[in-house]
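Readers should treat all values here as calculations from the given coordinates under stated rules, not as data from a laboratory. Source: prediction; values computed, not measured. Positions of Cβ are backbone-derived with ideal geometry, glycine not excepted, and every protein chain shown enters the neighbour counts.
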Amino acid sequence: MTTIGIIGAGNIGSAFAKALARNGIPAMIANSRGPESLFSLVREMAPHISAVSIEAAAQADIVLVAVPWSKLPAALSGLPPWNGRIIIDANNPIEAPLFKPAELNGRLSTEIFTDLVPGARVVKAFNHLLANLLSVDPHSEGGERVLFYSGDDAEAKAEVAALIKKLGFAGIDLGAIAVGGRLTQFPGGPLPAINFVKFV
Ligand SMILES: NC(=O)c1ccc[n+]([C@@H]2O[C@H](COP(=O)([O-])OP(=O)(O)OC[C@H]3O[C@@H](n4cnc5c(N)ncnc54)[C@H](OP(=O)(O)O)[C@@H]3O)[C@@H](O)[C@H]2O)c1
């Protein structure tokens, strides 16, 4: 069975974990302070979600990373080789409390993120909706809430697409990272924070 890890247990990491738990999909979640600090969070999602170290979460087949932009280098350093495993980049290059956009020197945030996880297959997803819309039932207004994703590895993208479908969202493939990363990036892209619903 495909294993899932989550690095970052704040708004987005815990919303993703809740969506998994609601669908009976097991996952391991980690933060900077260690598994004990996640006791009450995982109790809400028992028995599906377990609190683990960052190293343990990073060894899953699919790893979602949701950490404030400036903390990504620390969160992703010193981890075992990625060896082609799938990483979902749910991050945006801006953070509280100042909400000042990070300096990207003309690059996409996902390109900078990808440099931090050499050898991983990166899929950009789960970064364009507010966290509260990720954790609630995606069946909405008689349709399904849309989650956009993009990536340069077709197989990795297909696995993330399958997971998005299992969670009940309508996944929409935006193509390569160079296209989708730009459309969903916040700030700058036109798609973030819009609650799209797909009617089949
Ligand atoms: N909030 C949203 O609605 C939203 C929407 C779309 C995308 N995003 C993006 O998602 C990412 C996370 O945002 P958030 O709102 O979920 O942040 P958050 O609530 O502040 O949570 C951040 C998490 O990252 C963990 N963390 C910090 N440094 C770490 C490290 N060195 N190693 C491991 N974990 C570390 C924190 O753990 P500790 O608490 O133990 O330090 C915490 O669990 C950001 O890049 C943001 O741009 C957020």
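Order by neighbour count: Leu174, Leu64, fewest other Cβ atoms within 10 Å first, most last.
Ascending Cβ contact count within 10 Å gives the list Leu174, Leu64.
Excluding same-chain residues fewer than 8 positions from Lys198, which lysines have a Cα within less than 19 Å of its Cα?
Once the sequence-local lysines are set aside, what remains near Lys198 is Lys165, Lys166.
Mean-square fluctuation check for the chain, GNM, Cα pairs under 10 Å: which of Phe169, Phe126, Phe39 is largest?
Phe39
In nm, what is the difference between 0.36 nm times the number of residues separating Leu104 and Ala176 and their Cα-Cα distance?
My answer for the length gained is 24.0 nm.
Tell me what the chain gives for mean residue ellipticity at 222 nm when only DSSP H runs of n ≥ 4 count, each as -39,500 (n - 2.57), the sum divided by the residue total, rounded to 500 deg cm²/dmol.
Values: 8 runs with 59 residues, N = 200.
One gets -7500 deg cm²/dmol as the mean residue ellipticity at 222 nm.
What ranking do Leu38, Leu183 get, fewest neighbouring Cβ atoms within 10 angstrom at the top?
On the way: Leu38 22, Leu183 17.
In order of increasing Cβ crowding within 10 Å: Leu183, Leu38.
In debye, nearest 20: dipole of the range 144-183 around its Cα centre with unit charges on the Cβ of K, R (+) and D, E (-)?
That gives a dipole near 200 debye.
Counting only residues 5 or more places away or on other chains, whose amide H sits under 5 Å from the amide H of Val123 once H atoms are built in the peptide plane?
Those lying under 5 Å, H to H, from Val123 are Ile87, Ile88, Asp89.
Rounded to two decimals, what ratio of Rg to Rh does the chain give with C-alpha atoms and a Kirkwood Rh?
For the chain, the value is 0.93.
Take each of the peptides 1-10, 71-80, average the number of other beta-carbon atoms within 10 Å over its residues, and list them starting from the highest.
Most protected by this proxy first, the peptides run 1-10, 71-80.
Could you give me the radius of gyration and the Dmax of the range 13-125, taking only the C-alpha atoms into account and expressing both in angstrom?
Radius of gyration, then largest Cα-Cα span, for the range 13-125: 14.4, 44 Å.
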